[in-house]
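In what follows, a single structure is set out as C-alpha cells and then discussed.
The values are calculated or read from the model by the stated rules, or taken from the named source; none is laboratory data. If you're wondering where the values come from, they're calculated on a predicted model, not measured in any experiment. All Cβ positions, even for glycine, are placed from backbone atoms using ideal geometry, and neighbour counts span all protein chains on display.
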Amino acid sequence: MATPKKGRSASAQSKPGRSLALILIAIAALTGGMFASGHTTPRLGIDLAGGTSITLRAVPEAGNESAINKTNMDTAVSIMERRVNGLGVSESEVQTQGRENIIVNIPKGTNSEQARKQVGTTAKLYFRPVLATEVSGGGTAPSPSPTGSPSGQPSGKASDKPEATDKGSGSPSASPTTQGRAVTDALKADATPSASASDPAKSSPSPSASGGSDAAAGKLQEQYAKLDCTDEKTRSTVGDTAKASDPTLACGQNAQGQWQKYILGPAEVDGTDVDKAQAVLNTQTGAGWTVTMDFTDGGAKKFADITGKLAQNQSPQNQFAIVLDGDVVSDPYVRQALTGGNAEISGNFNQQSAQELANMLTYGALPLTFKVDSMTTVTAALGGDQLQAGLIAGAIGLALVVIYLLAYYRGLSFIAILSLLVSAALTYTIMSLLGPTIGFALNLPAVCGAIVAIGITADSFIVYFERVRDEIREGRSLRPAVERAWPRARRTILVSDFVSFLAAAVLFIVTVGKVQGFAFTLGLTTLLDVVVVFLFTKPLLTLMARRPFFANGHKWSGLDPKSLGAQPPLRRTRRPAAPVDPKEA
C-alpha cells in the first residue's frame, strides 16, 4: 500500500489541528468584532426593513421643455445614484418612472431628511460672491458662514468661518471679525464683483451689484429685510426664481445652528466647472478634515478671477457662497487669488461634514431641476411575510438535506452538519460586519442566494465523502483513503466553485438593484465554501479517521467496507521455490 508522500500531504495528515485552530480563531475574531461594533445583525434592505421612497419630478427651465429627454433623465439617475452612494447607502434604487419622474428608494437606517436634501436638492450648483449677511431675525451675524454641512442641518462641527486656499498651501483657517456694512452699501459698493460666469474675461467691478438698477437694488433690499430664514416654508422658496446672472437671496445655517440670510451676487462659477471634490484628512498642516476641489480648465480661470477680486474686500465681501438649490451649504473666505486650478476649504470639519460638502460639490450639477413630489415611508410588512416564507422554505430544505445526510452517510453526516454550522457562522458574522463597513444590506434576493448556497456547500462535502468511499471500495483502509481521495476531490470542488463564483461575478457586474444582492451573497458563500472545506471539513475528517469508530468501519460510521462492497485487499502471493539441484546439495 502506498504511503503518503513527504511534504504537504504528510503535513496535512499529521497536523490537521492547525487548520481547525485557524478557522476557529477566525470565527472568534469575527464574532468579537461584530459585538464590539454593536452591529450584531445584518443590515436589512428596504424590502425587509422598510425605508424611504422619494418621488422627484423634473422641471425644465422656461422655454426649454425639450430638456426633459431620455439622455438628461439617465444622467440625472446616474448622478443621484452617486449621491446616494456618497451617503454610504447600499441596496438603494434610483430609476425613472414615466417621462419626467425619478423614484429613489432608500433602506431604513439612512437619515431620510439628509437623503432628501442630497438627492432631492437637484438644482444647479453655483459659486456666488457674498454681498451681505446677518442672522435671520436681526443683527449682524458674528460668524456668517455655515458649517460645511448641508444647509438646514445644524452640526456646530465646523469653525465659524471656513477658509478657501490653494490646495496644500497650509494657510491657517483664521476667523477674522465680520465688519458690518449696510445692505444698501453692499449692493452698490464699487468693490462688489459682478463677473459673468459665462465670460470672466469681460468681468469688471460694477458700481451696482444689482445690475445698475437702483429700483432692483431697492426691491432686493426690501425683500432681504423681510426675509425670515427660520420659517421652513420661506426657506423652501427663497431664490427659486433667480437667474444665474442676477443677484439673489439665500438662507444658510452657521456653526451655532442659527439661520442666516444672505444677499448674493451673480453666479461666477458653475457647478459643472468642478471636476472633482473629495474629503481629505490633512495631517501635514494640522487642519484636520478639509474639502479639496479640482476645477476644469475653464472653471480654474473663472475661480481665479473671482477669488482675486474677493481677496481685495473686507468681510463678509471676501467670501463666496456655495449655493445648491437656494441653500448656502458653505461660504468660505479667501485671502488671495487662487490660481492653481484647485482649492482647499478648511475649517475644523469632521469626516461626515467634509464628506457631505464634497458630495454636493462633486454631484451638485444636474441637467434638470427636480422637485420632490412626495416622500413616503415604505413598510416592511410585505417583505417580512415573504422573508418568513423564504426562511420556512430554507429551513425545510435544510432539514431535508440533514435527513438525507443522516440516512445515507450516517456518522459522516456529523462532519457535514458541523461544516454547515461553521459556514453559517462565517456567513452571518461577515454579513453583519459588511453592513457598517461597505453598506451591504440583506434583501430578499440576497436571502435566496444564501439558501442556494446551502446546496453548493453540501455538494462539496458529498464530493469528498464519495471519493473517500471509492477508495475504501478499492480495498484501502480509512486513513490512507482520506489522503488519497483529497487531491481528486479538491480539484472537483475548486472547479465547481469557480464556475459558481464566475456566474455570481458576471451577474453582479451586468445587473443593478436587488439582483446584485443575490449575486453578492452567492459569490460570498461560494468563497466561504472553499475556506470551510479546506480548513475545516478535510482536517476534521483526518482527525476522525484516527478514531476507532470510523477507522474500524463501524456499521453506523458510513464507512463500513462490507456495506460499501469493498474488495478484499490485494495480497502478494509467494513464488514457488526453485528446484534444488542434487549435485549442489
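I'd like the full set of residues that are at negative phi and either modelled with pLDDT of 75 or more or touching a strand residue (DSSP E or B) at 6+ places or on another chain (Cβ under 7 Å) (or both), limited to region 73-93.
Met73, Asp74, Ala76, Val77, Met80, Glu81, Val84, Val89, Ser92, Glu93
Taking interchain pairs and intrachain pairs at least six residues apart, which have beta carbon atoms under 7 angstrom, with the first residue in region 23-40 and in contact (Cβ under 8 Å) with a residue 12 or more places away in the chain and the second of a type in the set (Gly, Ala, Ser)?
Taking only residues 6 or more apart or on different chains, the pairs are Ile27/Ala425; Met34/Ser432; His39/Ser432; His39/Gly435; Thr40/Ser432.
Among the residues that make up region 293-304, is at least one of them under 26 Å from the mean Cα position of the chain (by Cα) and under 30 Å from Gly257 (Cβ atoms)?
Yes, region 293-304 contains a residue that is under 26 Å from the mean Cα position of the chain (by Cα) and under 30 Å from Gly257 (Cβ atoms).
Tell me, please, whether a residue that is in contact (Cβ under 8 Å) with a residue 12 or more places away in the chain, in the same structural domain as Gln352 (by TED's automatic domain parsing) and not in a loop (DSSP other than H, G, I, E, B) can be found in region 311-318.
No, region 311-318 contains no residue that is in contact (Cβ under 8 Å) with a residue 12 or more places away in the chain, in the same structural domain as Gln352 (by TED's automatic domain parsing) and not in a loop (DSSP other than H, G, I, E, B).
Among the residues of region 427-446, which ones are buried (at least 22 other Cβ atoms within 10 Å of the Cβ), of a type in the set (A, V, I, L, M, F, W, C) and assigned to a helix (DSSP H, G or I)?
Met431, Ala446
So, in region 496-546, of the ones that are outside any helix (DSSP H, G or I) and surrounded by fewer than 17 Cβ atoms within 10 Å (Cβ to Cβ), which residue ends up modelled with the highest pLDDT?
Arg546
Return the pair list, or none, for Cβ contacts closer than 9 Å from residues in region 443-457 that are over 9 Å from Thr521 (Cβ atoms) to residues that are surrounded by fewer than 22 Cβ atoms within 10 Å (Cβ to Cβ) and of a type in the set (S, T, N, Q), at least 6 apart or on different chains.
Note: pairs meeting the criteria are Leu444/Gln386; Ile456/Ser496; Ile456/Ser500.
Among Asp470, Asp459, Asp497, Asp529, which is the only one that is under 20 Å from Leu20 (Cα atoms) and acidic (Asp, Glu)?
After ruling out the rest, the residue left standing is Asp529.
Residues of region 405-443 being modelled with pLDDT of 85 or more and hydroxyl-bearing (Ser, Thr, Tyr), which ones?
Selection gives Tyr408, Tyr409, Ser413, Ser419, Ser423, Thr427, Tyr428, Thr429, Ser432.
Counting residues that are farther than 24 Å from Leu131 by Cα, which strands (runs of 3 or more DSSP E) fully inside region 251-303 reach at least 3?
By residue number, 274-282, 288-295.
Every residue, every condition in (1) of a type in the set (Val, Ile, Thr); (2) farther than 26 Å from Ser136 by Cβ; (3) buried (at least 24 other Cβ atoms within 10 Å of the Cβ); (4) at pLDDT below 85, yes or no:
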residue	(1), (2), (3), (4)
Lys301	no, yes, no, no
Asp305	no, yes, no, no
Gln336	no, yes, no, no
Asn348	no, no, no, yes
Gln351	no, yes, no, yes
Gln355	no, yes, no, yes
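Scan region 42-72 for residues that are part of a loop (DSSP other than H, G, I, E, B), modelled with pLDDT under 80, closer than 19 Å to Lys371 by Cβ and touching a strand residue (DSSP E or B) at 6+ places or on another chain (Cβ under 9 Å) and jot them down.
Pro60, Glu61
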